[in-house]
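Below you'll find the structure, written out as structure tokens, and then a few comments.
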Amino acid sequence: MVAENVEGSNSLKLVLKKKPEVSDPVYNGPPPCAPGLWNRQIPREVLLKIFRHGVEKFGVLPFLITVREVCPEWRAVAEDVSLWEKVDMSIVKVTEAQLTRWASSGMLKRVRELNLSNFGPKISHGTITNVINNCPRLEVLNLSYNNKLSMETMEYIVNKCDRLRGLDISGTTKNRGASTCSTCAPNVLKSLIIKRGENLVQLCLAENAVASLNSILNLIPSYLSRLQILDLSNITMTCCMIFPLERIQETCSDLRVLRLANTQVRLAATPPAEQARSPGFPLLEELSIANLFDLGDSALERILKASEKLTLLDVRNCKGLSVSGLIKIPAWDLTQLYLANCDAATNPNVELIMNKWAHSLKVIDVSWVSHDTAINAALRALATHSETPSSVYDLDLKGSSVSFSTLKIVLDRCQRLRKLNLTSCRSLPRGIKRVFEGPAVVELRTQVLTGKFDENE
């Protein structure tokens, strides 16, 4: 409604006028680059170097897939095969059709490491064979959690991947059980070890049902002399795994990661003289033996007697380990320690463990330690070990008997904390029995140290 002059008079009249229709803006994508600025004035070798930095920081996917849409020149550089050496397809959803197209076009011919973990509900044998045929330099292949893989596919990998150095088939027999036709069939795994063992440095069989595992383990000392990563955690089998420790130590001196958690394991019986001669694992950095209820101090010493470089130790639910057994570990710079439900964590002398590694620990799990004297002594030792603030950034106290006064000391001294789990800690005031991350830890520290919860203590 607007006012207009009436012709031939000084009066005004109201006239109804329609407003012009406003249509929703149409998004036509980003504005085009200035002609010649990005596509012609920057030399190809400079653009290639920029893209290489992007790949190092963000990965091939999704970085290269994004930048290749900018212009034809960028697409040409993004498809340079030298950039496609490490491809992780578990991060970005990729269809089988896309994977097949990239492989057939030659984009993957320089790939050395390929991660197809949890690729989809079913990745076909034809797709994998096509990828392998078009990746002549393939060295590391991750097919974990693709539980439709067949024995035929595994046989093809063993026979065709001449440069294979690492294979991860974790969780590929889920819901199928131990079978002579699965990816972990004894004849397939034996063929893998015998044919590719000379170069194999990584073997991950976790979360599978494996038949005749002991006969497979007995091949490791003879064929896998370069082995660095061995993951046998969460394996289901019909009998106890007999681990030939000293034989593997004798030939696999490069082993850096050993995971046996949640698998029924017993160390092979070995004469004392042979145990003494064994060189141990001098380069071992990670040992996970959670839930090995029968493993005691002597067995732990056999495993770690030479492992001065150990940085991660997971002994959750190990009922046979003592404080003295853990202190005897030769490593001095442990950064991750998982003691939840370990009998050693309920010993009042557990503070000795914290005193040994307080200077280096960054991740600690002492959840479900109900012995209040032990848990409080351990945490106070950790927090007050030296004048410099603790390096711990991840602390799990779930279900423990930590006191509020000890928590105050921890928050005050552990300034680098980024994650703190206080779920089900019965001795703490209401309102803080939960998980705190990032800024929430800072806010909790401020509230606790300024006395907000003192009246509820």
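The values are calculated or read from the model by the stated rules, or taken from the named source; none is laboratory data. Computed from a predicted structure; not experimentally measured. Virtual Cβ from ideal backbone geometry, glycine too; neighbours counted across all protein chains shown.
One line per residue, one yes/no per condition, for (1) out of contact with any Lys or Arg (no Cβ under 9 Å at 6 or more places or on another chain); (2) acidic (Asp, Glu):
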site: Pro282; (1), (2): no, no
site: Asn291; (1), (2): no, no
site: Asp297; (1), (2): no, yes
site: Thr311; (1), (2): yes, no
site: Arg316; (1), (2): yes, no
site: Gly320; (1), (2): yes, no
Qualifying positions in the range 76-98 - in contact with a strand residue (DSSP E or B) (Cβ under 9 Å, 6 or more places away or on another chain) and of a type in the set (A, V, I, L, M) = Val87, Met89, Ile91
Could you list all residues from the range 208-228 that are outside any loop (DSSP other than H, G, I, E, B) and under 19 Å from Met154 (Cβ atoms)?
-> Ala209, Leu213, Ser215, Ile216, Leu217, Ile220, Tyr223
Here the residues within the range 90-108 that are surrounded by 15 or more Cβ atoms within 10 Å (Cβ to Cβ), touching a residue at least 12 places away in the same chain (Cβ under 8 Å) and farther than 12 Å from Ile128 by Cα are Ser90, Val94, Met107, Leu108
Looking at (1) touching a Gly at 6+ places or on another chain (Cβ under 7 Å); (2) among the aromatic types (Phe, Trp, Tyr); (3) modelled with pLDDT of 85 or more, can you tell me which one Phe51 breaks?
-> (1)
Which of the residues that make up the range 348-365 are surrounded by 22 or more Cβ atoms within 10 Å (Cβ to Cβ) and outside any helix (DSSP H, G or I)?
-> Leu361, Ile364, Asp365
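For every residue, the table says whether it meets (1) crowded, with 20+ Cβ neighbours inside 10 Å; (2) closer than 20 Å to Lys195 by Cα; (3) in the same structural domain as Val210 (by TED's automatic domain parsing); (4) hydrophobic (A, V, I, L, M, F, W, C).
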{"site": "Ile229", "(1), (2), (3), (4)": "no, yes, yes, yes"}
{"site": "Ile235", "(1), (2), (3), (4)": "yes, no, yes, yes"}
{"site": "Gln249", "(1), (2), (3), (4)": "yes, no, yes, no"}
{"site": "Ser253", "(1), (2), (3), (4)": "no, no, yes, no"}
{"site": "Val257", "(1), (2), (3), (4)": "no, no, yes, yes"}
{"site": "Leu260", "(1), (2), (3), (4)": "yes, no, yes, yes"}
Considering only residues that are touching an Asp or Glu at 6+ places or on another chain (Cβ under 8 Å) and surrounded by 23 or more Cβ atoms within 10 Å (Cβ to Cβ), look in the range 366-379 and name the one that is farthest from Leu420 (Cα to Cα).
-> Ala378
Output the number of the condition that Leu337 fails; it satisfies all remaining conditions of (1) assigned to a strand (DSSP E or B); (2) closer than 23 Å to Gln275 by Cα.
-> (2)
Only unsatisfied item for Lys452, checking (1) at pLDDT below 95; (2) under 30 Å from Lys328 (Cβ atoms); (3) not in a helix (DSSP H, G or I), is (2)
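Quick check, is Thr406 at pLDDT 95 or above and polar (S, T, N, Q)? Walk me through how you get there before you give the answer.
Working: at pLDDT 95 or above: yes; polar (S, T, N, Q): yes.
Answer is yes for this residue.
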Could you give me the residue pairs with C-beta distances under 9 Å whose first residue belongs to the range 121-133 and is under 13 Å from Ser144 (Cα atoms), whose second residue is surrounded by fewer than 19 Cβ atoms within 10 Å (Cβ to Cβ) and of a type in the set (Phe, Trp, Tyr) wherever it lies, and which are 6+ apart or on separate chains?
-> none
When the range 290-303 is examined, which residues are found to be closer than 20 Å to Trp332 by Cβ and buried (at least 20 other Cβ atoms within 10 Å of the Cβ)?
-> Leu300, Ile303
Have a look at Val111, Val77, Val87 and point out the one that is at pLDDT 85 or above, over 21 Å from Leu149 (Cα atoms), buried (at least 20 other Cβ atoms within 10 Å of the Cβ) and not aromatic (Phe, Trp, Tyr).
-> Val111
Across the range 385-417, what is the number of residues that are touching a helix residue (DSSP H, G or I) at 6+ places or on another chain (Cβ under 9 Å), surrounded by fewer than 16 Cβ atoms within 10 Å (Cβ to Cβ) and of a type outside the set (Gly, Ala, Ser)?
-> 3
